[in-house]
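Here's the structure we're looking at; comments come further down.
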Amino acid sequence: MTSFQTRAVHAGLEPDPTYGSVIPAIHQTSTYRQSAVGEFVGDYDYARSANPTRFALEQALGELEGGRAVAFSSGLAAAHALLVHVARTGDHVVLPADLYGGTFRLVDKVMTQWGLEYTLVDQTDLDALAAAIVPATKIVWVETPTNPLLNVVDVRGVVAHAAAAGPAPLVVVDNTFATPVNQRPLELGADAVVHSTTKYLGGHSDVVGGAVIARDDALYEGMRFVQNAVGSVPGPFDSFLVHRGLRTLPLRMKAHAESAAAVAEFLRATPGVSDVRWPGFSGMVSFRHADAIGIAQRTRLFTLAESLGGVESLIEVPQAMTHQSVEGSDAAVPADLVRLSCGIEAPADLVADLRAAIG
Ligand SMILES: *Cc1c(COP(=O)(O)O)cnc(C)c1O
């Protein structure tokens, strides 16, 4: 098999059969002409159900994660599709004790209204994880590295503990922070991968999207059913943008990691800065500082903004910005935590910007 870097360039791309354009056309259409009643090409009868531009993206995502992909209008729409397909009233899910605030809000504020129960657990402690799995547990939801504390979870260990439980819950990994460049959960035994393609996969802060990549056909069919029934589909142009992002993903992830390594090294040597976290790959770095808010407002290259994973660097204070929905819960984050998404600018410029802002 060709290397990941090569596959990222070619995945899901077939030259257009009509004109031979190397990059296929964006099928910006809501419907398709039928040659006779009920006769249409493939499954292309209506664009909520199927669209060639979206299908090309799904082929690419499936190839890169090693499963079958279904694209959604956002990362949370993808998470929602998995939850509603797998869990029923009275069922239970295990969530990480530090996770993306929006995923927590979806379960805590929406799904609990339909009778879903959950337990938060520190998944770096596999014994605690095993103890949190009960007979009603349908999903062990893993996020690694976690957002915003960047803890790394042993996916193989989680899979082993889930398999030992009876009945065994599905292991779902939110792979948004690692990307398939650094971690392919299906190869580690997970049942499904979730992405916010808004972040590294799109990579240019110009699109919101999500995906589920399933190991087996039944789960894939279930995702397709929810995608069509709920209507949480990405538009053709958004699908095109994410697909274009995938082609440079390995290059970008390398540059993100170089930036993050330089930034983490600088921060570790800076007085007043504590608890510097960088998992050793990807561009996410977090640290604590008494003047967290002041620093976030003084950087010039790092833009003060939510989100992450774009080519430009971003800075934020999770407790006040992205993680308000976990405030007061066991998933709460420290108020003096700063989260950086290190972009692909020159690492020395990023360090200089932080040095000036920290003062
Ligand atoms: C942003 C994010 C999500 C949600 O994705 P959206 O595209 O914003 O809906 C889920 N998980 C993680 C880890 C994220 O960073």
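The values are calculated or read from the model by the stated rules, or taken from the named source; none is laboratory data. As the structure is a prediction and not an experimental result, all values here were calculated from the model. Neighbour counts are summed over all protein chains in view; Cβ atoms, including those assigned to glycine, are modelled from backbone coordinates with ideal geometry.
Quick notes
- Hey, Ala60 over 20 Å from the mean Cα position of the chain (by Cα) and assigned to a helix (DSSP H, G or I) or not: no
- Residue selected from segment 98-132 under the condition in contact with a Pro (Cβ under 9 Å, 6 or more places away or on another chain) and charged (D, E, K, R), by the criterion farthest from Thr144 (Cα to Cα): Asp122
- Filtered residue count, segment 333-352, keeping only those that are under 18 Å from the mean Cα position of the chain (by Cα) and part of a loop (DSSP other than H, G, I, E, B): 2
- Residue count, segment 255-279 (criterion: touching a helix residue (DSSP H, G or I) at 6+ places or on another chain (Cβ under 8 Å) and within 23 Å of Phe4 (Cα to Cα)): 3
- Positions within segment 305-343 being out of contact with any Lys or Arg (no Cβ under 6 Å at 6 or more places or on another chain) and under 22 Å from Thr248 (Cα atoms), in sequence order: Ser307, Gly310, Val311, Glu312, Ser313, Leu314, Leu340, Ser341, Cys342, Gly343
- Scan of segment 253-284 for residues that are under 25 Å from Ala79 (Cα atoms) and either in contact with a strand residue (DSSP E or B) (Cβ under 9 Å, 6 or more places away or on another chain) or of a type outside the set (Gly, Ala, Ser) (or both), ordered by number: Met253, Pro279, Phe281, Gly283, Met284
- When segment 294-332 is filtered for residues that are of a type in the set (Ser, Thr, Tyr) and over 19 Å from the mean Cα position of the chain (by Cα), the ones remaining, listed by number, are Thr299, Thr303, Ser329.
- Condition met for Val159 (touching a Pro at 6+ places or on another chain (Cβ under 8 Å), outside any loop (DSSP other than H, G, I, E, B), at pLDDT 95 or above and away from the ligand (no atom under 14 Å from the Cβ)): no
- Residue within segment 330-345 that is out of contact with any strand residue (DSSP E or B) (no Cβ under 8 Å at 6 or more places or on another chain), outside the structural domain of Asn182 (by TED's automatic domain parsing) and small (Gly, Ala, Ser) present: yes
- Residue in segment 225-238 that is in contact (Cβ under 8 Å) with a residue 12 or more places away in the chain, in contact with a strand residue (DSSP E or B) (Cβ under 8 Å, 6 or more places away or on another chain), more than 14 Å from the ligand (Cβ to nearest atom) and not in a loop (DSSP other than H, G, I, E, B) present: yes
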